[in-house]
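Following: one structure in structure tokens, then a few remarks.
Each reported figure results from applying straightforward, stated rules to the coordinates on display, with no laboratory input. This one's a predicted model, so the numbers in the text were calculated from it and none came from an experiment. Note that we place each Cβ from the backbone using ideal geometry, even for glycine, and neighbour counts take in every protein chain shown.
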């Protein structure tokens, strides 16, 4: 009867070792994902600054209305979002 328990204990040991390896690699992956999120957030922040500047420049240079310059700002922000998605994923 002891032989049957040996196989079970061996299986439990294998499961514990494999799960331990999975937990050991998880923190490294989390750090990498966190860095990617930070980089993406920074990219979006820069895009917002650029969009604001573009809108101000548009209004000053062309004497255009707020509505006329709005689309340029939207396009700039959309490009920043796209770049951030490429960084994250």
query = For the stretch 51-73, how many residues meet the condition of being free of Cβ contacts under 8 Å to residues at least 12 places away in the same chain and either closer than 30 Å to residue 34 by Cβ or not in a loop (DSSP other than H, G, I, E, B) (or both)?
reply = 11
ask   = Just checking, how many residues over the stretch 36-50 are within 26 Å of residue 69 (Cβ to Cβ) and without any contact (Cβ under 8 Å) to a residue 40 or more places away in the chain?
value = 7
